[in-house]
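Please read through the structure below; I'll follow up with questions.
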Amino acid sequence: MNIKSLLIGSAAALCVVSGAHAADAIVAAEPEPLEYVRICDAFGAGYFFIPGTETCLRVGGKVRTEGQWKDPYNRDSNFGTKWHTRAELNLNTATDTEYGPLKTETIVRWDWNDGNATSTNLLWAYITLGGFSVGKTDSQYNQFIGYAGDVIQDDVIYDGPYELNQLTYNYDSGTGFTGVISLEDSNSGTTTSAYGGSWQLSKSDHYAPNVVAGLGYKAGAWQFRVVGGYDSIVEEGAIKARIDADFGVFSAFLMGGWNTDGDKLNQYAGSNQNVSACTTSDGVVHGADCGWGDWAVWGGVGVPINDKLKWNLQLAYTDSKIFEATTNVKFNPVKNLLVEPEFTYVHYDLPSDDTFSGILRFERTF
């Protein structure tokens with residue numbers, strides 16, 4: 001056998017062996033395709049599709065810390081400085097349906113008050129579809145009319161109830177006309193009265209809801225809204241009317257409220273004041289003096305100084321002769337960071353005592 005035959009034979013043998021081993025080779029599986037998070041811009045900034053669904057989700061919240069000196073809601077308060085820190089988580093969902101967007105909003109708060117354990121509160125949790133909403137949020141008596149001024153202590157003079165369960169329908173014509181009607185939780189439960197018995201807060205075996213209704217119109221720089229609320233436990237209520245104007249260099253509002261019975265408090269003309277605001281020196285409680293009496297009025301202005309700084313002022317006065325003045329400066333050194341010093345003065349007619357208080361707030365939203 002010559003050299004050439006030997007080389008050809010060896011090559012053939014190697015090919016046979018290689019072919020046998022090739023039959024046993026492990027083939028790597030194709031990689032799974034990556035599923036990227038898709039942006040959902042149909043409902044505004046910040047939404048994205050939950051993977052595998054057609055539901056859009058937005059996650060947000062805030063962290064706030066503030067120091068407070070004295071208490072504008074309690075003339076008997078003796079604390080010097082109190083520090084309060086809050087964390088808040090907001091979850092919003094939205095899905096397109098044949099009846100319009102199906103949405104939810106959930107807000108959970110965690111609060112640490114000076115020297116006290118952390119408290120958790122399900123602030124809002126409600127569902128909306130086709131103008132209807134159901135669940136827990138602030139009363140439409142406040143939301144529809146726009147609350148009060150752009151200050152922290154805007155409800156020293158009571159402007160209405162906040163967190164409660166409700167079934168609400170909101171109407172928006174798209175031409176400036178808006179409306180609302182709401183059946184709201186009357187906080188039924190154990191029979192309870194407050195402020196010397198002038199306010200029945202809840203009632204056993206009570207099933208009727210409170211009722212809120214409102215109308216509004218906006219044209220250009222002007223907006224007018226009116227809203228009324230009926231307390232089914234006290235069987236009284238209140239009406240508020242508000243006018244707003246925005247002229248660019250400043251904005252202003254004026255709001256008035258009327259109580260159907262000035263000798264009583266109710267959910268829509270109540271009081272956030274400590275009972276000391278209506279207690280005479282001999283210990284007698286005149287509960288209605290803690291609230292509006294027959295009427296209350298609020299007014300305020302906001303002046304944007306530049307794109308980072310705004311000054312606000314709110315004044316309020318009641319038929320029961322409680323006067324409140326609050327002013328603040330809102331400073332945004334960078335986007336989504338707020339530094340807000342605020343000062344409040346309250347005068348009470350009955351005890352003839354004045355209250356001065358202040359807050360320094362730092363808040364980061366995301």
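The values are calculated or read from the model by the stated rules, or taken from the named source; none is laboratory data. All values derive from a computational prediction rather than experimental measurement. Because the Cβ atoms are built from the backbone with ideal geometry, glycine has one as well, and the counts that use them run over all protein chains shown. These area figures cover heavy atoms from the full protein model, side chains too; ligands, DNA and RNA do not enter into them. Shrake-Rupley method; radii C 1.70, N 1.55, O 1.52, S 1.80 Å.
Packing-wise, with mean Cβ within 10 Å as the measure, how do 312-320, 127-135 rank, highest first?
Taking the mean over residues of other Cβ atoms within 10 Å, the ranking is 312-320, 127-135.
Report, in deg cm²/dmol and to the nearest 500, the calculated mean residue ellipticity at 222 nm for the chain, where each DSSP H run with n ≥ 4 adds -39500 (n - 2.57) and the sum is divided by the residue count.
That calculation yields -2000 deg cm²/dmol at 222 nm.
Would you mind checking the pairs Lys203/Lys240; Lys62/Lys310; Lys218/Lys330; Lys82/Lys218; Lys82/Lys310 and listing those with alpha carbons more than 31 angstrom apart?
From Lys203/Lys240; Lys62/Lys310; Lys218/Lys330; Lys82/Lys218; Lys82/Lys310, over 31 Å: Lys82/Lys218.
Going by a ≥ b ≥ c, the root eigenvalues of the Cα gyration tensor, does the range 71-178 fall in the rounded group (a/c under 1.5), the prolate group (a/b larger than b/c) or the oblate group?
The shape class here is oblate.
Treating the beta-carbon of each Lys and Arg as +1 and of each Asp and Glu as -1, no other charges, what is the dipole magnitude of the range 251-366 about its Cα centre, to the nearest 20 debye?
Roughly 800 debye, rounded to the nearest 20.
Quick one: with all protein chains in place, what share of the accessible area of the chain is carbon or sulfur, to the nearest percent (1.4 Å probe)?
61
Full extension from Asp246 to Leu129: what is 0.36 nm times the residue separation minus their Cα-Cα distance, to one decimal in nm?
39.0 nm
Calculate the length of the line joining the C-alpha centroid of the range 79-107 to that of the range 299-366, in whole Å.
That distance is 24 Å.
Another question, if that's okay. Please give the peptides 229-242, 191-204, 162-175 ranked by average Cβ packing (other Cβ atoms within 10 Å per residue), highest first, as a rough proxy for protection.
Going from most to least packed, we get 229-242, 191-204, 162-175.
Using DSSP to call loops (not H, G, I, E or B), can you name the GluC sites (Glu not before Pro) in the range 42-98 whose Cβ has at most 11 other Cβ atoms within 10 angstrom?
Listed in order of number, the matching sites are Glu54, Glu98.
Toward the positive end of the charge dipole of the chain, about the Cα centre and with charges on Cβ (Lys, Arg +1; Asp, Glu -1), which of Gln273, Ser320, Cys40 goes farthest?
Cys40
By the gyration tensor of its Cα atoms, with a ≥ b ≥ c the square roots of the eigenvalues, what is the shape of the range 130-184: rounded for a/c under 1.5, prolate for a/b over b/c, or oblate?
Taking the square roots of the gyration eigenvalues as a ≥ b ≥ c, the range 130-184 is oblate.
Please compute the length gained on full extension between Phe323 and Phe366, using 0.36 nm multiplied by the number of residues separating them and subtracting their Cα-Cα distance.
11.9 nm
Using a probe radius of 1.4 Å on heavy atoms only, what accessible surface per residue do you get for the chain? Whole Å² is fine.
Each residue of the chain exposes 54 Å² on average to a 1.4 Å probe.
While we're on this one: Evaluate the charge dipole of the range 320-366 about its Cα centre and quote only its size in Debye, nearest 20, assuming +1 on the Cβ of each Lys and Arg and -1 on the Cβ of each Asp and Glu.
Taking the Cα centre of the range 320-366 as origin, the dipole is about 380 debye.
Counting every Cα pair in the chain, what percent are over 37 Å apart?
Tail fraction, whole percent: 32.
Mind giving me the nanometre distance, one decimal, between the label points for Asn116 and Asp261, set 7 Å out from Cα along Cα→Cβ?
3.2
Please build a GNM for the chain, connecting alpha carbons under 10 Å apart, and tell me which residue among Gly299, Gly214, Gly44 fluctuates the most.
Residue with maximal mean-square fluctuation among Gly299, Gly214, Gly44: Gly44.
Excluding His286 itself, calculate the net charge of residues whose Cβ lies under 14 Å from the Cβ of His286, where each Lys or Arg counts +1 and each Asp or Glu counts -1.
Surrounding charge for His286 is -3.
Per 0.36 nm of contour for each residue apart, how much would the distance between Glu54 and Val284 grow if the chain were fully extended, relative to their Cα-Cα spacing?
Value of the extension gain: 76.7 nm.
Evaluate the charge dipole of the chain about its Cα centre and quote only its size in Debye, nearest 20, assuming +1 on the Cβ of each Lys and Arg and -1 on the Cβ of each Asp and Glu.
In total the dipole reaches around 1260 debye.
Does anyone have the angle between helix 3-23 and the longest principal axis of the chain? Alpha-carbon axes, 0 to 90°, nearest 10?
Taking the Cα atoms of the chain, the angle to 3-23 is about 30 degrees.
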